[in-house]
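The values are calculated or read from the model by the stated rules, or taken from the named source; none is laboratory data. Quantities reported herein were computed from a predicted structural model and do not represent experimental measurements. All Cβ positions, even for glycine, are placed from backbone atoms using ideal geometry, and neighbour counts span all protein chains on display. Keep in mind that these areas ignore ligands, DNA and RNA; they rest on the heavy atoms of the full protein, side chains included. Shrake-Rupley method; radii C 1.70, N 1.55, O 1.52, S 1.80 Å.
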Amino acid sequence: MIILFYNRKFKNKVSSIWMLLCFVFVIIIPLALGAGLYARSTLLTHHYSLFNLLFSKIWRPENGDFGFLPFIAGSIWVTLLSLIISVPVCLFTAIYITQYSRHFFIKTIRISIDILAGIPSVVYGVWGIIAVVPFIAKIAPYFHIQTMGYSILAGAIVLSVMIIPFILNILIEIFRTIPIELSEASLSLGATKWETIKHVLMRKALPGIIASIGFGLARAFGETIAVLMVVGNVVQIPKSIFDAGYPLPALIANNYGEMLSIPRYDAALMFAALILFIVVLTFNALMRLLIIRVEKY
């Protein structure tokens, strides 16, 4: 009996230690990533001021000019535009699926979501080249603009399709978890279906909606292959959605293999990765704070 007791106690101890190690591992990963990127980029940050690196428009590595502003601007343009396209689509689709349609449609949309989420990003890039880029080249003259179609808009359209399954999946689960009694109480008081959705369900789902947007934003900001195939990769600050851009992930992917032998260029690409890491971390933290404030409200 005593042996059985100590055996059980030993197993519990071992299980708790394994779980603690897994927890520590998950906590350490982002810290290790950040520390590694910072260490690899110190060759650049020790020779240039942070202000010049972040806000200079000049990118001439052969002359020692490393201005990241065009790449940061390109990333922000593509990310925000993709969210402007994808968030309303996901939100209204989730509302329709959970509030208006039959249960059969939820199963159907889940199949579509799984297919979209499983497609490799390079396939999205090819689709962008053969469909989105020519489409933009055709519609641009209506706005008195001549372009080949490789633009911020092309990158945003491709990116918005890529992040739709991730945002939509979260939104559907959020609306499904709202107690049906809330809707019934609102309808029994005389509110219409749309008024119930707008004033009751949307308010209840707001923290989850914010979280899904934050997740989509973080996903969009770091997407690489598909975007670099359609965005044009021109080092400039885009002034319109029809201009070409050059997001940070595309800079790293296009140059890393060739520039490993040049230490300062290698450090510059590591610094670009560090910027990406910090931006995504900051967005996630801000979204978390926003969710806490909304939940308190």
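A few comments on the model shown:
- Of all accessible heavy-atom area on the stretch 191-291, the percent that carbon and sulfur account for (1.4 Å): 66 percent
- Amide hydrogen neighbours beyond the local backbone of VAL234, cut-off 5 Å, H modeled: GLY245, TYR246
- Calculated FRET value between PHE25 and ASP65, using beta carbons and R₀ = 35 Å, to 0.05: 0.30
- Reach of LYS193 by Cα under 20 Å, taken over lysines that are not fewer than 8 positions away in the same chain: LYS204
- Shown here for the stretch 196-297: trypsin sites (Lys or Arg not before Pro) in loop regions (DSSP other than H, G, I, E, B) with at most 12 other Cβ atoms within 10 Å, namely LYS239.
- Distance between the stretch 62-121 and the stretch 268-293 - C-alpha centres, whole angstrom: 18 Å
- The aspartates and glutamates whose alpha-carbon is closer than 12 Å to the alpha-carbon of LYS57, local same-chain residues fewer than 8 away aside, are ASP65.
- Expected 222 nm ellipticity per residue - DSSP helices of 4 or more, -39500 (n - 2.57), all of the chain, to 500: -24000 deg cm²/dmol
- A value for mean projected area of the Cα convex hull in nm² was derived from the coordinates, and within the list (i) 17.3; (ii) 24.2; (iii) 20.7 it appears as (ii).
- Aspartates and glutamates with Cα under 17 Å of LYS138, excluding same-chain neighbours fewer than 8 positions away: ASP243
- Remark: the chain carries 58 Å² of accessible area per residue (probe radius 1.4 Å; ligands, DNA and RNA excluded).
- Interchain or long-range residues, amide H under 5 Å from PHE66's placed H: ARG60
- Selection from LEU43, THR282, PRO179 lying farthest towards where the dipole of the chain points positive, charges on Cβ: PRO179
- Note that the stretch 243-288, at 37 °C in a medium of 0.692 mPa s, gets a Stokes-Einstein diffusion coefficient of 281 µm²/s from its Kirkwood radius over C-alpha pairs.
- Relative compactness, the stretch 1-70, computed as alpha-carbon Rg over 2.2 N^0.38 Å: 2.22
- Carbon plus sulfur fraction of accessible area for the stretch 67-177, probe 1.4 Å, in percent: 73 percent
- Under the combined filter of DSSP loop state and at most 11 neighbouring Cβ atoms within 10 Å, the stretch 74-112 retains these trypsin sites (Lys or Arg not before Pro): ARG102.
- By the compact-protein rule of thumb, 2.2 N^0.38 Å, the alpha-carbon radius of gyration of the stretch 108-189 corresponds to a ratio of 1.61.
- Per-residue HN-Hα couplings for the stretch 64-72 [Karplus 6.51, -1.76, 1.60; θ = phi - 60°; Hz; x = Gly/Pro]: x, 9, 10, x, 9, 4, x, 6, 5
- Low-density loop cleavage sites - chymotrypsin sites (Phe, Trp or Tyr not before Pro) in the stretch 244-279, where at most 15 other Cβ are within 10 Å (DSSP): TYR256
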